[in-house]
Structure formats: structure tokens, C-alpha cells
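The values are calculated or read from the model by the stated rules, or taken from the named source; none is laboratory data. Because the structure is a prediction, the values reported are computed rather than measured. Note that we place each Cβ from the backbone using ideal geometry, even for glycine, and neighbour counts take in every protein chain shown. Accessible surface areas use protein heavy atoms only, side chains included; no ligands, DNA or RNA. Shrake-Rupley method; radii C 1.70, N 1.55, O 1.52, S 1.80 Å.
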Amino acid sequence: MGERTEPTPLQAALREARRGLAVVGALSLFLNLLVLVLPLYMFQVFDRVLPSGHVETLIALTVVAAFALLVFGMLEVIRRQALLRIGIWLDRRLCEPVLAASVGEGLGGRANGGQPLRDLAQLRGFIGSESVFPIFDAPWTLVFIAVIWLLHPWLGALALASSVVLFALALCNELVMREPLKLANERWMAAQWRGETAVRNAEVVHAMGMLPALLRGWHSDNDQVLGQHALAGDRGAVMVGIAKFLRLFVQIGVLGLGAYLVLKGELTGGGMIAGSILLSRALAPVEQAIGAWKGLVAARASYDRLQLLLRRYPERAPALRLPAPEGRVSAERLAFKAADGRVILKNVTFELPAGEVLAVIG
């Protein structure tokens, strides 16, 4: 059997954060259930209130829907605050081992220019940003598709097909952006290291006339970074544009198909509107993931670099804790010789409590 490796501080911290992430997952469950309020409200208004003309029913539905949406807004605030605090806790938990490992890198002659701390900040920022929301919301896409299927199988089939197409588009987005972002990050780290080295050795660089050559090298690295970022940005923009087109086109398709089913008497007007709203919500996490893919790739690269660093420099065992100093000084048989060998002090014994000073004069 292979040797079992101990988890790094990063892995241990993420395991400790599972409870908080589980709370965020539970909040996402209730948030996605409350999303059903709007389509249900539209369904009841179109199919019951308008045909019956009961104003009391409309008022009651509106009050219930408003209360549900108020709860939705409060839960959304709590979820955002929870993710932000998880990111801050992760930073506090890992800053010491990451900084210690960075010092170990420097002592080993592998200067990193503070990149691990920037990676930690990148990871913290990703966890506390909106880019992480699609991870918690995407599993509920199937629930919305199932509800649409209950309205009518044709609408459900269209929703399922459109979600599969958007998911395939997200995978294509990963393939076309992975390499440019990886190269951009590598060249950016090289440019950062070159610039920090020049600043750290400014006197030597100036005295030896090395600044023009360093600037040319830095500009070369930086130009490659900008070029790769532009390439990744262009490809990402194309993917986002295609995703928006598909989502809006499918939205029109659902309304058109729903209108056809209404004309055939197989669906009500409220069901048509509700199906359109549900489909929009079902496809939203996939579309958001495509837009936030750049941040996800950057966070994943930061995680991989931190893992490698913390595996190279694991945490040391805690040192023996000594008792706190009391501020008392004692000496026994103290002696002092001058440079010519004469003994000036001999067999001096004293004890000084905290706050006192002893001077030997003469």
C-alpha cells in the first residue's frame, strides 16, 4: 500500500471550513426554492385571478409573495456575508504557514517575491465573490427542469436540451481559455519577480547600468502577459456572447412553444409564463459560470501553487514553550578581566528584582 501523506494546512483549513460551506449550501437550497415564488405567483394570477376577477385573492397572493421575496433577500444577504467571512477566516488560518513557507523558499534560494501571499488573497477573494455562486446554484438546475417538465413534457425537453448545450459551451470555454490564462500567469509571475528584484537591488542596478536591460526584459514579459490576457479575454467574450444569445433565443423558444401549446389547449397562459421564468432561472447558473470562468481558473491555479509550496515546506512541530520571564536577574561569583589580564571584579554575587538597576563604578 502507498504511503499516506499528511494533509497540507490548506487542505486542513478547507476541511474545517466544510461546516460553513454546508450552511451556505443549505441557504442556497432555500434560496432556490424561494425562486419558485415568482412563477407560482404568475401562474395563479393568470389562471385563477384574471378569470375569476377576485381582488381579494390577488391581494392575498401579493402579500404572501412579497413576504417570501423579503425572506429571499434576507437569506441572500446572509449567504453573501457567510462566504465573505469564510474567505477571511481562511486567510487568517493560512497566513502564518504560507508566510513561513515563503521564508523557507527564500532561504532555499527560490525567491517567490510574495507570490504565495497573493495566491492566498486570490483564493480568499474568489470564495467571497459572486463567482462562487454558480457552484452552489448549478445543482438545482435539474429541479427547475423537472418543474418545467411537469408543466408540459415538450417544455421540459426544450429546457433539458438547452441546459445541455450551455453546459457543453461551458466546457468549451474551459478548453479555449485554460492555456492562455496559464501562460499569462506564468509570464506575469516572471515579470513580477524581475521587477521586484530590480527594486530590491536598486543601488546595484543603478551602479552597474543594468536598468535599461531589466526594463527591456520586464516589458517583454509584460507584453506577453497582456497578449495572453487579451487572447483569453477575446475568447471569453465570444463564449459569453454565444451563451447570452442561446439563453435569450431559448427564452423566446419557450414562449413560442408555450403559446403553441396554449392554442392547442394543452397549456394555460399562466403555465406558459411560469415555464419561461423557470427556464431563465435554470440556465442562469451555467451562464454565470461562463462569465466567471476566468476567476475560477485563477483561483484554481492559486490553490495548486499553494499546495505545492506547503508540501515542500510543511509546518514544523511546535517548539517547547518556556515559562514567561519574571524580570528578575541574579548572578553568582561573577568575574571580569581587563584587556591586560588584570582582574577587576571577582566573586560578585547579586540579585535584582524587576524594576531595579545595579551599577559598578570606579
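Couple of notes before you dig in:
- Index of the failed condition, residue 31 passing every other in (1) touching a Phe, Trp or Tyr at 6+ places or on another chain (Cβ under 8 Å); (2) over 26 Å from residue 280 (Cα atoms): (2)
- Taking segment 217-262 as the range and being open to solvent by 60 Å² or more (accessible area, probe 1.4 Å), over 18 Å from residue 280 (Cβ atoms) and of a type in the set (D, E, K, R) as the test, the residues that pass are 223, 234, 235.
- Residue 26, sole failed condition from (1) assigned to a helix (DSSP H, G or I); (2) farther than 20 Å from residue 130 by Cβ: (2)
- Test set (1) within 30 Å of residue 308 (Cα to Cα); (2) exposed (fewer than 13 other Cβ atoms within 10 Å of the Cβ); (3) among the aliphatic types (A, V, I, L, M) - residue 70 fails condition number: (1)
- Any hit, segment 325-334, residues being closer than 30 Å to residue 182 by Cα and either modelled with pLDDT under 80 or not in a strand (DSSP E or B) (or both): no
- Residue identified as within 23 Å of residue 263 (Cα to Cα), assigned to a helix (DSSP H, G or I) and open to solvent by less than 50 Å² (accessible area, probe 1.4 Å) among 168, 159: 159
Yes or no, residue by residue, for (1) of a type in the set (Gly, Ala, Ser); (2) in a helix (DSSP H, G or I); (3) touching a His at 6+ places or on another chain (Cβ under 6 Å); (4) modelled with pLDDT of 75 or more:
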site: 199; (1), (2), (3), (4): no, yes, no, no
site: 219; (1), (2), (3), (4): no, yes, no, no
site: 241; (1), (2), (3), (4): yes, yes, no, yes
site: 244; (1), (2), (3), (4): no, yes, no, yes
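- Residue list for segment 41-57, restricted to those being open to solvent by 60 Å² or more (accessible area, probe 1.4 Å) and either modelled with pLDDT of 85 or more or more than 43 Å from the chain's Cα centre (by Cα) (or both): 48, 50, 51, 54, 55, 56
- Residue in segment 75-92 that is open to solvent by 90 Å² or more (accessible area, probe 1.4 Å), among the aromatic types (Phe, Trp, Tyr) and closer than 22 Å to residue 302 by Cα present: yes
- Test for residue 61: is it open to solvent by 90 Å² or more (accessible area, probe 1.4 Å) and either of a type outside the set (Phe, Trp, Tyr) or touching a residue at least 12 places away in the same chain (Cβ under 8 Å) (or both): no
A quick yes/no check of all residues on (1) of a type in the set (S, T, N, Q); (2) over 30 Å from residue 302 (Cα atoms):
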{"site": "131", "(1), (2)": "yes, no"}
{"site": "135", "(1), (2)": "no, no"}
{"site": "140", "(1), (2)": "no, no"}
{"site": "150", "(1), (2)": "no, yes"}
{"site": "161", "(1), (2)": "no, yes"}
{"site": "170", "(1), (2)": "no, no"}
{"site": "179", "(1), (2)": "no, no"}
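- Test result for residue 45, in a helix (DSSP H, G or I) and either of a type in the set (Asp, Glu) or closer than 16 Å to residue 75 by Cα (or both): no
- Between 117, 61, the distinction of being assigned to a helix (DSSP H, G or I) and modelled with pLDDT of 80 or more belongs to 61 only.
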